[in-house]
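Notes follow once the structure below has been shown.
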Amino acid sequence: MWATSDVSCQCQDNASLDAIEGCPERNEMLIVQQEYDAYGKVVGYNPNRDTFTVLSSTLVNAVNGAWFAHYSPRHKAVWIGAGTSNGVVSASGAVINRATAPYRLGPTYGAGVMVCKRLTGNVIALLNANTWLECDPVANVWTPCAGLAQVLAALVDTSDWPAFGVMAVPLFEYGVIAFIMAYSGAGGVQMWLSKP
């Protein structure tokens, strides 16, 4: 069954819906949007009641990059951000700003690809084969990871943006992360499985 809802009642007409992620603890889908260039907005949508709740309308530095949203089942929180700005939406709906990321994050050129780790609930942020970090968004701590990020070391095209065109999906049931490379310089679609 398909149904529609009027998102425009909470989101600005002149802005885009940049990221969406489920938050089971709130029984909501979180919608992250850049507004008025300098600010961003987080809106919770409850599909059972067809209601919207504005959680924040003052996200800073929203123009810094492309927005992302990642749910952590262990932390019961959603990590959001754009560029080097990032924050956490807690189960209570509080939006908490976090320390500036060491490099740009988000689904865009020159930014790192992020994915949630099953065991810790933290997020891995990969910029290139040698630069990747683990972020605990709740404790607000960035920790460098040792070794080579094999999926980014295997690229045929050694462009300035090795993470571009790489998608990552946690498969929590199997304890692995699937990385899929799919862009013209990669020499065909490749898939990697990692057990962090």
Thr58 being surrounded by fewer than 19 Cβ atoms within 10 Å (Cβ to Cβ), closer than 25 Å to Ala129 by Cβ and modelled with pLDDT under 85: no
Flag for Thr108 being surrounded by fewer than 16 Cβ atoms within 10 Å (Cβ to Cβ) and either at pLDDT below 85 or not in a strand (DSSP E or B) (or both): no
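The values are calculated or read from the model by the stated rules, or taken from the named source; none is laboratory data. Computed from a predicted model, the values in this text were never measured in an experiment. A quick note on method: Cβ atoms are made from the backbone with ideal geometry, for glycine too, and the neighbour counts reach across all protein chains shown.
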